[in-house]
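These notes are about the structure you will find just below.
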Amino acid sequence: MRVLYFDQHFGTPKGATGSRSYQFSRALLAAGHEVTMVCGDYGRAALPLARGRGKFLTRDVIDGIDVIALRLPYSNETRITTRMLVFLRFALRAVWIALTSRYDLVFASSTPLTVAMPGIAARIVRRRPFVFEVRDLWPELPRALGMRNPLLLGGMSLLEWAAYRSANACIGLSPGIVSGIKRRSAPGKPIAMIPNCSDLDLFVQGRREDLDVPGVQGADFVAAFAGAHGHANGLDVLVDAATVLQQRGVRNIKLVFVGDGKIKGHLISVAGSRGLDNCIFLPPIARIDLARLLGSVNCGLMILKNVPAFYYGTSPNKFFDYVSAGVPVLNNYPGWLADMIGEHRCGLVVRPDDPAELADGLQYLADHPGECKAMGQRARALAEERFSRSVLARQFVSFLEGYCRP
């Protein structure tokens, strides 16, 4: 079958962003299908495309995937209104592609929610099968994070309803997302839960001596946060925990922040004003380099703002990278990931908004290296048992094949 795949934030392992759509596209190719990927011009994706071929798009083949990159630069640092305009422009151009291209099935992966628009058009106008993947619940999450604009929330709610109703089937990345889809979909809608995956070949447990981070000494306990530095991530609590550690006179625990986002400058400023030499800030790095770094640290930090909608409604890439790398996870919010950490004893869960308890968790792991290592081994076992990329990719391919009649 010919799959027209829409993911505005598509990237490969050579870029500093998630590679779920790349890996799933490769799985489709391995199963004998064709894939045309329509994405945006996301700088961190570092797509190896021949630039300048057209005013509105660039087209090239990446590892067998026919990639159409719409020339709409995007960054997490831009204002919300600017980002929404980019989302809308992408969706309108994508609709045109959906109405004029040759394909057997449309697959669209949010966020943003507007990426569903070409799928809706393909389903209604051209009667093609449409499968919709939901990575975050909109407008539930924006509302929970404080958005109050009734026009935006109303528009997102209407688009969400239209996407779920028009799709032949949906994929959710977490239990809460699946429940959210069920609440607004037609009864009996086929919905699969396929969470984010662990790249077991890329992320492996490495050696501490391979860690090359300025400011880290050989005997230091290193905890890494790898991901977006936005308001939703609630990273102020990490800087506060670093402050608590410094006040306690703990010098051997270092917190490494990897990534970028709207509040990264704020975090750097606060850490500088407090004289925190235990906070180290690194720019976004390619996934292949991130894998090497995470395999060499002592702990992965799973930090989010204390928003109940996050508890069961998110599937963060970083968690699956941590467990694949064989490091324990220190998590600071309740939900399905916290439940899994407790069940498999592959890390610690502390209360939200409590920097002292977060500092306690870091000290406990640093003071119990044998137990910390055992947690990491159990984390890797969990990744192999539940979240293997190859297994979940085959599940994805089989799910799509069930809704296509070439």
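The values are calculated or read from the model by the stated rules, or taken from the named source; none is laboratory data. These numbers were taken from a predicted model, which means no experiment stands behind them. As a convention, Cβ positions derive from the backbone with ideal geometry for all residues, glycine included, and neighbour counts pool all protein chains shown.
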**Asked** Hey, any hits in segment 382-399 for a residue that's part of a loop (DSSP other than H, G, I, E, B) and either at pLDDT 95 or above or buried (at least 17 other Cβ atoms within 10 Å of the Cβ) (or both)?
**Response** yes
**Complete:** Exactly one of 393, 359 is within 26 Å of the chain's Cα centre (by Cα), among the aliphatic types (A, V, I, L, M) and in the same structural domain as residue 29 (by TED's automatic domain parsing), and that residue is 393
**Message:** If residue 216 satisfies all but one of (1) outside the structural domain of residue 133 (by TED's automatic domain parsing); (2) under 21 Å from residue 22 (Cβ atoms), what's the number of the condition it fails?
**Reply:** (2)
**Residues satisfying the stated conditions in segment 202-255, i.e. without any contact (Cβ under 8 Å) to a residue 40 or more places away in the chain and either within 17 Å of residue 321 (Cα to Cα) or in contact with a Lys or Arg (Cβ under 6 Å, 6 or more places away or on another chain) (or both)** = 220, 229
**Asked** What is the number of the single condition among (1) closer than 27 Å to residue 306 by Cα; (2) surrounded by 23 or more Cβ atoms within 10 Å (Cβ to Cβ); (3) of a type outside the set (Asp, Glu) that residue 155 does not meet?
**Response** (2)
**Item:** Residue under evaluation residue 216, criteria (1) surrounded by fewer than 20 Cβ atoms within 10 Å (Cβ to Cβ); (2) over 20 Å from the mean Cα position of the chain (by Cα); (3) part of a strand (DSSP E or B), criterion not met
**Value:** (3)
**Prompt:** Can you name the residue in segment 334-347 that is in contact (Cβ under 8 Å) with a residue 24 or more places away in the chain and touching a helix residue (DSSP H, G or I) at 6+ places or on another chain (Cβ under 6 Å) and is also surrounded by the fewest Cβ atoms within 10 Å (Cβ to Cβ) among such residues?
**Reply:** 345
**Request:** Kindly indicate whether any position in segment 336-343 is at pLDDT 95 or above and outside any helix (DSSP H, G or I).
**Result:** no
